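Asker: I am attaching a structure below and will ask some questions about it afterwards.
We did not get these values from a lab; they are worked out from the coordinates using the rules stated. Predicted model only: the values in this text are computed from it and were never measured. Because the Cβ atoms are built from the backbone with ideal geometry, glycine has one as well, and the counts that use them run over all protein chains shown.
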Amino acid sequence: MYASTAGGLLKFNPLTEKFTAIKMEEGLVYLDLSTIEIDSNDRLWLGGAYPNGFLQVYDPDKGLVRKITHLDIAQIGKIQIGKDIAFAVYEGATSSDIGVLEFTLDSGELPVYKDYFNHFSSGNSITDIRDLDLFSDSIFVTTDAGIFAGNYKVDNLKSATGWQKIFTQGSAMQYLPELGIIVSNGVLLQKNGDNWGEYLIGIEGDIVQATVEENGEIKILTQSWYYEIQNTEIVYSFEIPKISHAKSNFTTYNKPNDKTVYFGMNQSGILQLNIESGADRIFIPNTPAINNYHALTVTKNGHLAATSTHGSLIWNHTSYYNVQPWQHTTHYPRKNVDWDGIQFIWTYLTYRAGEHFPISIVEKPNGILIYCNSGSLPDSTIWLDTPAVVELDINTKIFASIGNDDEIIDGWWGIYNDVTFSYYMVINQIEKDRQGNIWVTNPFCEKNGNMIAIQSKDDDAWSHIQIPDENSYRPQTIALDNANRAWVGFAYESLGDTPYSSGGIKVLKYSGINFADEDDSTWLTIANPGVLPGGSKDASVWSMVFDKMDFLWILNEKGIRGYTYSVKDDEIILDPILKAIDGTPIDFLPQVSYTKGNRIKVDSQNNKWITTHQGVWVIEESMAFWPSEEGLHPDNSGLLSDIVYDVAFDNDKGLAYLATDKGISVLQIPFAENPSKKQSMYISPNPFIIPNDKGVIIKNVPSGSIIKIMTITGALIKEIKLSSNESQAIWDGTNTRGDRVGTAVYLVSAHHPSERNKVAKIAVIRK
């Protein structure tokens, strides 16, 4: 048995009770499927929706044998295949642009697009085609304006005059042309003279699907019963067992023999019923619970972790484990087992998910995942936790909730309206600094102004910082440079002419993470905010990141720019990387429109990945575009959708995971983690002048190396441990005590257990 889903094609073997996913590697071009039909040669006709309405014909033995993707439509729906012709429902860009496509069949009995029909009635507006049927030489279209019939061999179906209206009510959902029976308002109707009357009394529940066999037998599926009807008599029926976990409805059925019936359920898998014994079983494929994940990370053991408003997903490259909040678990059977890769595997956590898309999931140094639960409101009247941030141990499935009750994350408290009194918590970003401390942006926190919360990697203790400017709340993004500075980007929002969130950037210089001690931190100002993308100092800053060379990259609603920078006293001067001859800053990718949720990420080879709702662009370290300035899209990369929320990298395997609105795409990329063993260690600048705000870049070392800074005589000055996801280090010119080293020549050594050590020299000049 085959099933079309929004995430691809699934094959179910009843004998082995296993699901197999048919992927792009097997020949499919697109996976966002909306319908499936089987022709006389046992080939699958698959209609879908992205990037345009498409038709694929898939042979299980040969792979893809025909694709039609050039049609200027949004989606292909139900398909009907005749002897020498085929029809399919289509949807265009607007609700009024719907109709039927006509395909002829070539000598291989494969479709060739011929024409379309969308004028069924001159007096009725049609916005929904509910069913499509072929019988004899006629096509029958069931719509929200009634049922229309046309002879495709003799009638002019391009004109409304070529169609006959055989049922005038908009309640029709399905037509059985073999018997002239209509499914309307959940019952069967048959014409008697000029009127339509009920064909059969005694059917319980609204009809979901009705089919006619060659012998005239009608099979009916309702939400509670299965019927077989012959000559207006019910010859067989049974009540479908109530499935306590099933939140969704039955959608279809298949009866391969006299003993067994399979029922498809929307979001709840396949129900198998033994007719003789009444025993039932549920089969749910081991897949992600949903397609729509918004934040990704690759853990140090190489697993992919993702999160959404429906919980989290862990993938170990062979199987999935879903971890879901309480309100999104009722339509799945409870199956808390080890990874077996066959059945749906999940566990649930006793917290209520927030209503906003989470923007961050981060692995802490101890292996615990921490992620946003943005848009939550604590409620003491229920037993559930309603955290702003969730910590999850992926091994034990034990979680901890962090929020208002802990006095760590505060909620909305009178932002601009002093009558507003709410603990509503919105978390925009979680970031890990180079030391492993966790930074959480906490906008709307007006109770005490603690808009940034920091968790120490050493003892998990939390500290807070306050933004000095009363018009600077609504932090959106945070980036951490090599010199213990936190760069905070803000949204710009106003009430009338008065800004209550001023946009732009503020920078915190800190010496530790005990922010209760004000002496440990200093706020710096941007001296030239007019050089932000678009030239607007008041623009919202949606994403910000430092690359491996400590260049700053900023994405806001106006565009993208990269910067070098210098620090003097308490001011920072930004210098755009890309400028015209006259010095005017130039935006990268000016043809792209940016919005909240678009992000910049940096991979291990210092490429900048920009995820947008129009595709993905990659800026290499050389400032060239990979693979081209056109970016990555479904038609040139296999990307599932142009709407991309996040990207994460498996540096060892050279993979990029991209979270889209259609699922998670996996792309093989030519940016392997470990550089060639023939490459020398790269150190810049050399000589290194202290004080220097940018630090020393140490590159071309194996991921997971231990970098040692030593004197010429071998005395250890500083040690830097790289994670399995890092192949580059930054040295700030200090020793293990945090003191600046003196003028001298030092040795830089990279140690790795499985590769040859690399050694280089660096000259340090201390002024």
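Asker: So how many Å³ per residue does the convex hull of the Cα atoms of the stretch 682-766 work out to?
Answerer: Expressed per residue, the convex hull around the Cα atoms of the stretch 682-766 is 86 Å³.
Asker: With charges set only on the Cβ (+1 for Lys and Arg, -1 for Asp and Glu), what does the dipole of the stretch 2-204 come to about its Cα centre, in debye to the nearest 20?
Answerer: Around 140 debye, computed over the stretch 2-204.
Asker: Of the options Gln272, Phe588, Ile398, report the single residue whose Cα projects farthest towards the positive end of the charge dipole of the chain (beta-carbon charges: Lys, Arg +1; Asp, Glu -1).
Answerer: Towards the positive end, the residue furthest out is Phe588.
Asker: Across bins of 10 angstrom width beginning at 0, how are the C-alpha pair distances of the stretch 99-184 distributed, in whole percent?
Answerer: All Cα pairs considered, the percentages come to 17, 51, 27, 5, 0.
Asker: List the lysines whose Cα lies under 22 Å from the Cα of Lys596, skipping any in the same chain that are fewer than 8 positions away.
Answerer: Cα-Cα hits under 22 Å: Lys432, Lys506, Lys537, Lys558, Lys608, Lys662.
Asker: Separate question: With N denoting the number of residues in the stretch 2-204, provide Rg(C-alpha) divided by 2.2 N^0.38 Å, to two decimal places.
Answerer: 1.08
Asker: Once the piece of chain linking Lys62 and Lys397 is laid out straight, how much longer is it, given 0.36 nm per residue of separation minus the C-alpha distance between them?
Answerer: 116.4 nm
Asker: Which FRET efficiency value, to the nearest 0.05, do you get for Asp582 and Asn757 by plugging their Cβ-Cβ distance into 1/(1 + (r/R0)^6) with R0 = 56 Å?
Answerer: 0.70
Asker: Continuing with this model, one more query. Can you put Leu64, Leu313, Leu480 in order, fewest other beta carbons within 10 Å first?
Answerer: Ascending Cβ contact count within 10 Å gives the list Leu64, Leu480, Leu313.
Asker: Toward the positive end of the charge dipole of the stretch 689-767, about the Cα centre and with charges on Cβ (Lys, Arg +1; Asp, Glu -1), which of Asn735, Ala750, Thr711 goes farthest?
Answerer: The residue sitting farthest along the positive end of the dipole is Thr711.
Asker: Shifting gears a bit: Could you pull out every one of the aspartates and glutamates with an alpha carbon less than 16 Å from that of Lys364, ignoring same-chain neighbours closer than 8 positions?
Answerer: Here the aspartates and glutamates satisfying the reach criterion relative to Lys364 are Glu391, Asp393, Glu431, Asp433, Asp458, Asp459, Asp460, Glu726.
Asker: Can you compute the modelled spin-label distance between Glu214 and Ala279, with each label point 7 Å from Cα toward Cβ, in nm?
Answerer: About 3.2 nm, to one decimal.
Asker: For Ser511 and Ala715, what does the FRET efficiency come to when R0 = 25 Å and r is the distance between their Cβ atoms, rounded to the nearest 0.05?
Answerer: The calculated FRET efficiency here is 0.45.
Asker: Regarding the stretch 1-120, what's the average projected area of the Cα-atom convex hull, expressed in nm²?
Answerer: For the stretch 1-120, averaging the hull's shadow over all directions gives 7.8 nm².
Asker: Spelling out what I want: for every residue of the stretch 606-617, take phi, set θ = phi - 60°, compute 6.51 cos²θ - 1.76 cosθ + 1.60 (Karplus), and round to whole Hz; glycine and proline get x.
Answerer: So the J values, rounded to whole Hz, are 6, 7, 9, 9, 10, 9, 9, 8, 10, x, 10, 10.
Asker: According to the square roots a ≥ b ≥ c of the eigenvalues of the Cα gyration tensor, what is the shape class of the stretch 530-609, taking rounded for a/c under 1.5, prolate for a/b larger than b/c otherwise, and oblate for the remainder?
Answerer: rounded
Asker: Spelling out what I want: for every residue of the stretch 126-142, take phi, set θ = phi - 60°, compute 6.51 cos²θ - 1.76 cosθ + 1.60 (Karplus), and round to whole Hz; glycine and proline get x.
Answerer: Once rounded to whole Hz, the list reads 10, 10, 8, 9, 9, 7, 9, 9, 10, 7, 6, 9, 10, 10, 10, 10, 9.
Asker: Could you work out the helix-only [θ] at 222 nm for the chain, with each DSSP H run of four or more residues adding -39,500 (n - 2.57) and the total divided by the number of residues, to the nearest 500 deg cm²/dmol?
Answerer: 0 deg cm²/dmol
Asker: What's the ranking of 622-628, 111-117 by average number of surrounding C-beta atoms within 10 Å, highest first?
Answerer: In descending order of packing, they fall as 111-117, 622-628.
Asker: Starting from the amide H of Ile560, placed 1.01 Å from N in the peptide plane, find each other amide H under 5 Å away whose residue is 5 or more places distant or on another chain.
Answerer: Excluding prolines and chain starts, which carry no amide H, the hits are Phe588.
Asker: Under a point spin-label approximation (7 Å from Cα along Cα-to-Cβ), what is the Lys11-Asp652 distance to one decimal in nm?
Answerer: If labels sit at Lys11 and Asp652, their model points lie 3.1 nm apart.
Asker: Let me ask something else about it. Alpha carbons only, please: Rg and Dmax for the stretch 51-102, in angstrom.
Answerer: So, for the stretch 51-102, Rg and Dmax equal 12.1, 39 Å respectively.
Asker: Run through all the Cα pairs of the stretch 205-281 and give the fraction in each 10 Å bin from 0, expressed as whole percent.
Answerer: All Cα pairs, binned at 10 Å, distribute as 18, 56, 24, 3 percent.
Asker: Express the relative contact order of the stretch 205-281 as a whole percentage, based on alpha carbon pairs under 8 Å and six or more residues apart in sequence.
Answerer: 18 percent
Asker: Next up: Starting from 0.36 nm per residue, how many nanometres of slack lie between Ser40 and Leu667 once their C-alpha separation is accounted for?
Answerer: Between Ser40 and Leu667, full extension yields an extra 222.1 nm.
Asker: Volume per residue, Å³, of the convex hull around the alpha-carbon atoms of the chain?
Answerer: 215 Å³
Asker: If you don't mind, another one. Charges at C-beta only: +1 for Lys and Arg, -1 for Asp and Glu. How large is the resulting dipole of the chain about its Cα centre, in Debye rounded to 20?
Answerer: With Lys and Arg at +1 and Asp and Glu at -1, about 2520 debye.
Asker: Calculate how many DSSP beta bridges within the chain are antiparallel, expressed in % of all such bridges and rounded to the nearest 5.
Answerer: Of the beta bridges lying entirely in the chain, close to 95 percent run antiparallel.
Asker: Taking loop as defined by DSSP and a crowding limit of 12 other beta carbons within 10 Å, which trypsin sites (Lys or Arg not before Pro) in the stretch 186-264 fit?
Answerer: Here the sparse-neighbourhood loop sites are Lys242, Lys259.
Asker: Taking the dipole about the Cα centre of the stretch 614-767, with the C-beta of Lys and Arg at +1 and of Asp and Glu at -1, give me whichever of Ser641, Asn686, Phe671 is farthest to the positive side.
Answerer: Result: Asn686.
Asker: Could I ask something else about it? Roughly how big is the stretch 205-281's charge dipole about its Cα centre, with Cβ charges of +1 (Lys, Arg) and -1 (Asp, Glu), in debye to the nearest 20?
Answerer: With only Lys, Arg, Asp and Glu charged at Cβ, the dipole is about 440 debye.
Asker: Under 18 Å Cα-Cα from Lys78, which lysines qualify once same-chain neighbours fewer than 8 residues away are excluded?
Answerer: Filter leaves Lys67, Lys114.
Asker: Then there is this: Could you give the length gained by full extension between Thr20 and Ser622, i.e. 0.36 nm per residue of separation minus their alpha carbon distance, to one decimal place?
Answerer: Gain in length upon complete extension: 212.5 nm.
Asker: Right, next: Remind me, relative contact order of the chain in percent, using alpha carbon pairs under 8 angstrom and six or more residues apart?
Answerer: 5 percent
Asker: Mind listing the phi-derived Karplus ³J(HN,Hα) values for the stretch 257-265, rounded to whole Hz, using 6.51, -1.76 and 1.60 with θ = phi - 60°, and x for any glycine or proline?
Answerer: For the stretch 257-265, the Karplus curve yields 8, 6, 9, 10, 10, 10, 10, x, 10 Hz.
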